[in-house]
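The values are calculated or read from the model by the stated rules, or taken from the named source; none is laboratory data. Everything quoted here is computed from the prediction, not taken from an experiment. Virtual Cβ from ideal backbone geometry, glycine too; neighbours counted across all protein chains shown.
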Amino acid sequence: MWWLYLPFIFQGLVMMVDEFWYHHRRGLGRWERIGHPVDTATVLVCAAIVIFVPFSKTALAVYAVCGVISMICITKDEFVHAQLCPPGEHWLHSVLFMLHPILLTATVAIWADYPAGAGGLRSFFIGNVVITTAFWLYQIFYWNFLCRKPLSRT
């Protein structure tokens, strides 16, 4: 099940390019400064279910609803991005939109296999949640309290 690592790694790499190349270049407006941490929070809600709730049909249904909400939520900024982002950033967003349901599905595969002893995958997943939480806190504090760069239209 080593291949279940790949969506997490690829999504993390693409997110870092989006954040540290595009966002830092153009700055973020108020909508994105609030909206991007909300997107990350929806992923963390899905992760919390997996970490704290044993796998069951009911838990899977709740996870699926939260996953659909997360997939819809991440598209909310595209109206703003259409006016602000260069073509390369749009392309990265499309890659992230494709990766999102793959990542959520890989998470379910890891979660469903916990009892079978997927300890390495579970540890990797928990590590990913720690990294995602750190990124979420960074999004909140850097963009809303530390960064004073004005938004530039590209």
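You will find that of ILE72, ILE102, the residue that is of a type in the set (Val, Ile, Thr), under 17 Å from PHE8 (Cβ atoms) and surrounded by fewer than 16 Cβ atoms within 10 Å (Cβ to Cβ) is ILE102 and no other. Annotation: of all residues in segment 1-36 being of a type in the set (Gly, Ala, Ser) and assigned to a helix (DSSP H, G or I), the one that is nearest to the chain's Cα centre (by Cα) is GLY12. Only a single item in (1) assigned to a helix (DSSP H, G or I); (2) in contact (Cβ under 8 Å) with a residue 12 or more places away in the chain is not met by THR75, and it is number (1). Only one of the listed residues (LEU60, LEU96, LEU92) is under 18 Å from GLU19 (Cα atoms), in contact with a Phe, Trp or Tyr (Cβ under 9 Å, 6 or more places away or on another chain) and either in a helix (DSSP H, G or I) or among the charged types (D, E, K, R) (or both). That residue is LEU92. Under the condition of being within 22 Å of VAL62 (Cβ to Cβ), of a type in the set (A, V, I, L, M) and touching a Ser or Thr at 6+ places or on another chain (Cβ under 8 Å), the residues counted in segment 74-106 number 2.
Confirm whether SER56 is buried (at least 18 other Cβ atoms within 10 Å of the Cβ) and free of Cβ contacts under 8 Å to residues at least 60 places away in the same chain. Working first, answer last.
Details: buried (at least 18 other Cβ atoms within 10 Å of the Cβ): no; free of Cβ contacts under 8 Å to residues at least 60 places away in the same chain: yes.
The answer is no for SER56.
Test ILE51 against the stated conditions and say whether it is of a type in the set (Val, Ile, Thr) and touching a residue at least 40 places away in the same chain (Cβ under 8 Å). When the stated conditions are applied, ILE51 passes them. State all residues of segment 78-89 that are surrounded by 13 or more Cβ atoms within 10 Å (Cβ to Cβ) and either of a type in the set (D, E, K, R) or assigned to a helix (DSSP H, G or I) (or both); if no residue qualifies, say none. Listed by number, the residues that qualify are GLU78, VAL80, HIS81, LEU84, GLY88, GLU89.
Residues of segment 13-53 that are at pLDDT 95 or above and small (Gly, Ala, Ser): GLY35, ALA41.
Answer yes or no: is there a residue in segment 120-127 that is polar (S, T, N, Q) and loosely packed, with under 14 Cβ neighbours inside 10 Å. Yes, there is a match, as at least one residue in segment 120-127 is polar (S, T, N, Q) and loosely packed, with under 14 Cβ neighbours inside 10 Å.
Taken over segment 37-74, the criterion of being more than 17 Å from the chain's Cα centre (by Cα) and among the small types (Gly, Ala, Ser) is satisfied by SER56, ALA59, ALA61.
On the given criteria, is GLY27 surrounded by 13 or more Cβ atoms within 10 Å (Cβ to Cβ) and more than 22 Å from ALA134 (Cβ to Cβ)?
In short, no.
Candidates in segment 110-154 are the residues that are at pLDDT below 90 and aromatic (Phe, Trp, Tyr); of these, the one that is farthest from the chain's Cα centre (by Cα) is TYR114.
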